[in-house]
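Every number here is computed from the coordinates shown, using simple stated rules; none is lab data. Quick caveat: nothing in here was measured; it's all calculated off a predicted structure. Counting neighbours? That spans all protein chains shown, and the Cβs are built from the backbone with ideal geometry, glycine included.
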Amino acid sequence: MGNPKAFLTIHRKEAGYRPVHERIDDFSEVEQTLNASDRREQASRCMDCGVPFCHWACPLGNRQPEWQDRLYKGDWQGAYEILADTCDFPEFTGRVCPALCEKACVLNLSCGEPVTIRENEAAIIEGAFREGYIQPQSIERNGKRVAIVGSGPAGLTAANRLNHLGYTVTVYEKDEKPGGLLRFGIPNFKLGKNIIDRRIRLMEAEGVRFQTNTVIGKAYPISVLLNEYDAVCLAMGAETPRDLPIEGRELKGIHFALELLGQQNRQLEGIAIDEAKRIHCAGKRVLVIGGGDTGSDCVGTANRQQAASVTQIEILPQPPVGYNPETPWPQFPKILKTTSSHEEGCVRRWSLASNRFLGEEGKLTGVEVEEVIWNPDMQRTGRTEIIPADLVFLAMGFLRPSKAAVFESLELALSDEPGEAGEKDIPKLFACGDVVSGASLVVKAMASGQKTAVEIDRYLQTIKS
Ligand SMILES: Cc1cc2nc3c(=O)[nH]c(=O)nc-3n(C[C@H](O)[C@H](O)[C@H](O)COP(=O)(O)OP(=O)(O)OC[C@H]3O[C@@H](n4cnc5c(N)ncnc54)[C@H](O)[C@@H]3O)c2cc1C
Ligand code: SF4
């Protein structure tokens with residue numbers, strides 16, 4: 001612990017976002033960063049708690065107090081090495097993680113000013129790239145081969161870990177570029193895609209092969225992978241969005257959130273979009289159904305596309321501001337979250353169920369909503385109103401992938417289900433990330449990728465090459 005009294009004298013200081021008027025016309029990252037001196041001062045606030053709840057709360061088991069101390073002392077390389085030991089891609093989590101660690105930080109309990117753990121993490125990894133601490137490693141090969149299906153954070157983490165253990169790894173990806181939802185889901189204003197490219201280049205330089213535009217399933221059967229590789233890991237995400245099958249669903253102008261977000265990210269990558277399918281928010285009244293983070297990403301994107309108005313509705317009641325007795329420290333608090341996208345302009349409403357879509361000549365004109373009361377179950381009040389809208393984005397979460405559907409898409413029998421090695425019909429088949437857990441978080445997908453890499457390594461050590 002660097003400065004034992006810093007937490008008493010130094011306040012939490014966030015770098016904050018670029019001003020709204022500056023950022024609203026571009027898709028560059030909105031978050032700023034502190035200078036090195038302020039960053040070290042922030043790191044000095046860490047109390048090196050006897051029981052570090054930040055470490056307990058982190059799905060990756062990051063050793064925050066240890067790297068905060070190195071950062072405070074100006075040992076950026078030492079901080080990076082401790083961080084990289086548990087977190088494969090701090091440049092992703094340092095940008096988009098909701099920071100379960102900060103919510104559990106003891107300083108959050110004692111004074112409501114947790115250590116700026118996430119921002120410090122991002123600063124350490126950016127410093128490490130800038131100063132050249134990160135160089136491709138030359139890895140001794142062990143002669144065994146692993147295929148990963150899906151290049152989101154789970155697949156990338158499993159690939160990275162197995163590659164460093166000496167396995168020859170190929171990642172198969174159906175999209176045009178690797179990254180999964182990091183690439184074609186999360187908007188560029190939260191995570192610049194040059195950050196993903198930089199990591200992919202490093203992984204390639206260390207020997208990982210990426211085969212994009214390749215759908216594993218009927219066109220490219222998994223049986224080929226199972227024949228050619230010593231182990232196969234499914235990291236295909238949870239891709240089926242929850243639908244809203246109410247009257248008028250067929251009207252033109254109703255889209256899933258990822259149609260908008262995926263198109264926008266592709267366009268920024270210079271990937272051509274079929275004009276007939278292209279969604280334009282400019283001048284339109286946009287309604288986002290779903291009050292979570294995906295909905296918020298639609299708000300930020302619609303505003304950047306110069307929508308005439310943006311409204312976001314949620315069926316659940318408005319969460320409490322600041323503190324929720326139902327989720328006391330050190331739990332992740334269910335409280336009102338105002339994102340950078342909300343700050344940029346958006347009407348937010350809660351306790352509204354959607355009854356039917358309204359339209360004229362096949363085009364959406366509005367949505368009839370009804371106020372509901374939660375007591376504790378949902379009760380309809382009969383109080384309805386029409387919210388005018390030209391475009392609706394459905395951001396109501398994703399269905400948990402059923403094993404039956406995943407296996408059918410891969411033309412595998414259900415008895416082939418991945419499980420503990422030795423207890424399944426295809427012992428070489430493994431799975432990690434959202435395809436197992438259902439839609440989750442980047443950090444949890446990465447933790448799952450790490451755990452599965454350990455399982456694959458354990459399994460492969462038992463078989464002869
Ligand atoms: C809009 C949006 C914003 C989000 N924002 C955040 C955030 O800010 N912070 C956060 O922590 N989490 C966020 N999440 C959640 C997070 O992105 C996911 O939990 C995480 O990406 C899951 O990782 P994964 O590797 O399991 O799956 P994915 O990232 O979904 O990757 C799966 C990959 O598998 C590929 N694939 C699927 N089937 C096949 C096949 N048959 N053949 C070949 N390839 C295949 C897909 O194309 C995809 O690239 C967000 C999610 C969404 C939708
Ligand atoms: S809980 Fe907060 S103060 Fe305590 S060790 Fe973790 S980051 Fe430091």
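What does the range 6-69 give for Rg and for Dmax, in Å, if only its C-alpha atoms count?
That works out to 15.3, 46 Å for Rg and Dmax.
Could you calculate the FRET efficiency of residue 198 with residue 274 from 1/(1 + (r/R0)^6), where r is the beta carbon distance between them and R0 is 22 Å, rounded to 0.05? Let's see the in-between values first.
Working: r = 30 Å, r/R0 = 1.34.
Calculated value: 0.15.
Relative contact order for the chain: what percent, with Cα pairs under 8 Å and sequence separation of 6 or more?
On the way: 917 pairs, mean separation 77.4, N = 465.
Once divided by the residue count of the chain, the mean separation gives 17 percent.
Can you sort 72, 323 from fewest to most other Cβ atoms within 10 Å of each residue's own Cβ? Can you show the working numbers first?
Working: 72 22, 323 12.
Sorted ascending by nearby Cβ count, the order is 323, 72.
Using R₀ = 56 Å, calculate the FRET efficiency as 1/(1 + (r/R₀)^6) where r is the Cβ-Cβ separation of residue 405 and residue 5; round to 0.05.
0.50
Run the reach check for residue 403 against lysines, Cα to Cα strictly under 18 Å, same-chain hits fewer than 8 apart removed. What comes back?
Counting by Cα, and skipping residues close in sequence, residue 403 has these lysines nearby: 218, 424, 428.
On a full-extension model of 0.36 nm per residue, what is the gain between residue 413 and residue 356, subtracting their alpha-carbon distance, rounded to one decimal in nm?
16.6 nm
Tell me which aspartates and glutamates have Cα within less than 12 Å of residue 174's Cα, excluding those fewer than 8 residues away on the same chain?
Partners within reach: none.
Okay, which of the range 203-235 sit inside 18 Å, backbone N to the point 7 Å along the Cα-Cβ direction of residue 164?
Counting only backbone N, you get 203-209.
Working from the pairwise distances between different alpha carbons, so that the mean of 1/r is found and then inverted, what is the range 254-394's Kirkwood radius in Å? Working shown, then result.
Details: mean 1/r = 0.0615 Å⁻¹.
After inverting the pairwise mean of 1/r, the radius is 16.3 Å.
Would you list 329, 67, 56 from fewest to most Cβ contacts within 10 Å?
Numbers: 329 16, 67 29, 56 13.
Going from least to most buried by this count: 56, 329, 67.
What do the square roots of 5 times the Cα gyration tensor eigenvalues come to for the range 190-343, in whole Å, largest first, as semi-axes of the equivalent ellipsoid?
Details: eigenvalues 223, 113, 69 Å².
With the √(5λ) rule applied to the range 190-343, the semi-axes are 33, 24, 19 Å.
Restricting to the chain, what percent of DSSP beta bridges are antiparallel, rounded to 5?
In the chain, approximately 35 percent of DSSP beta bridges are antiparallel ones.
Which lysines, on any chain, are close to residue 337 with Cα under 27 Å apart, when same-chain ones fewer than 8 places away are left out?
The qualifying lysines are 13, 103, 190, 193, 284, 444.
Over its Cα atoms, what ratio of radius of gyration to 2.2 N^0.38 Å does the range 6-131 give? If you can, show how the numbers build up before the last one.
Values: Rg = 14.1 Å, N = 126, 2.2 N^0.38 = 13.8 Å.
So the Cα radius of gyration is 1.02 times the expected 2.2 N^0.38 Å.
What is the list of residues in the range 79-119 whose amide nitrogen lies under 15 Å from a point 7 angstrom out from the Cα of residue 38, following Cα to Cβ?
Zone members listed by number: 116-117, 119.
Mind giving me the FRET efficiency for residue 375 and residue 109? R0 is 35 Å, r the Cβ-Cβ distance, nearest 0.05 is fine.
Values: r = 31 Å, r/R0 = 0.89.
E(calc), rounded to 0.05, equals 0.65.
If each DSSP helix of 4+ residues adds -39,500 (n - 2.57) and the sum is divided by the residues in the chain, what number results at 222 nm, nearest 500 deg cm²/dmol?
Values: 20 runs with 170 residues, N = 465.
About -10000 deg cm²/dmol.
Take 393, 129, 27 and order them by how many other Cβ atoms sit within 10 Å, fewest up front.
Values: 393 31, 129 15, 27 20.
With the sparsest Cβ surroundings first, the list reads 129, 27, 393.
For the chain, just the Cα set please: Rg and Dmax, both in angstrom.
Values for the chain (Cα only, Rg and Dmax): 23.2, 69 Å.
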